[in-house]
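Following: one structure in structure tokens, then a few remarks.
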Amino acid sequence: MLRGATTSLLDDLERAVDGAVNAAKNLCRDGRSLPGAGATETALALALADYAGTKTGLEQYAIKKYADALEVVPRTLAENSGRSATETMSRLYAAHASGKGATGVLIDPESVEAVVDTAEALIHDGFASKESALKLASDAAITVLRVDHIIMSKQAGGPKPRAPGPPDM
């Protein structure tokens, strides 16, 4: 039973409990976890950027843009914690480049450090949740590209002229 002074507070508490129950349910189904705090997204972005270098043309551009899109997670964490996103991303990439692949963004504004080793800080994300999010994001991007491809393949110039015939009644 939850109690609160306002309906808004009760709604927030309900969402928090619902989120915790769903997280526990997901971990019971699949106990695997990944580094949290944007560490997984940063590692994926770096790997995809390297892979994009092996491709040419539009394929390279698409892979690079997908890698850039993955940067949104750690960048948003940095901005929401009141830190400079550019400086935090720079520190994060430097840590990953030095072999610390489990480094993520620390969202504690009281701390001096902007990045943290997620294994030491016990910050983890559920594998199933991360896998689902990446699949849904990829499906959404593919759908947008398909729609754009259909729109681009239609001939411009408006509707085709009608053949002469009896007037419509």
### Message
Filter the stretch 118-141 down to the residues that are buried (at least 17 other Cβ atoms within 10 Å of the Cβ) and acidic (Asp, Glu) and list them by number.
### Response
125
### Task
Could you tell me whether any residue of the stretch 94-105 is touching an Asp or Glu at 6+ places or on another chain (Cβ under 8 Å), among the charged types (D, E, K, R) and either at pLDDT 90 or above or over 22 Å from residue 142 (Cβ atoms) (or both)?
yes
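Considering only residues of the stretch 32-42 that are of a type in the set (Ser, Thr, Tyr) and part of a helix (DSSP H, G or I), which is farthest from residue 78 (Cα to Cα)?
Residues of the stretch 32-42 that are of a type in the set (Ser, Thr, Tyr), as a first pass: 33, 40, 42.
Now restrict to residues that are part of a helix (DSSP H, G or I): 40, 42.
Working: 40: 15, 42: 13 Å.
By that ranking, first place goes to 40.
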### Test set (1) over 20 Å from the mean Cα position of the chain (by Cα); (2) of a type outside the set (Ser, Thr, Tyr); (3) in a loop (DSSP other than H, G, I, E, B); (4) within 19 Å of residue 126 (Cα to Cα) - residue 25 fails condition number
(3)
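The values are calculated or read from the model by the stated rules, or taken from the named source; none is laboratory data. Quick caveat: nothing in here was measured; it's all calculated off a predicted structure. Virtual Cβ from ideal backbone geometry, glycine too; neighbours counted across all protein chains shown.
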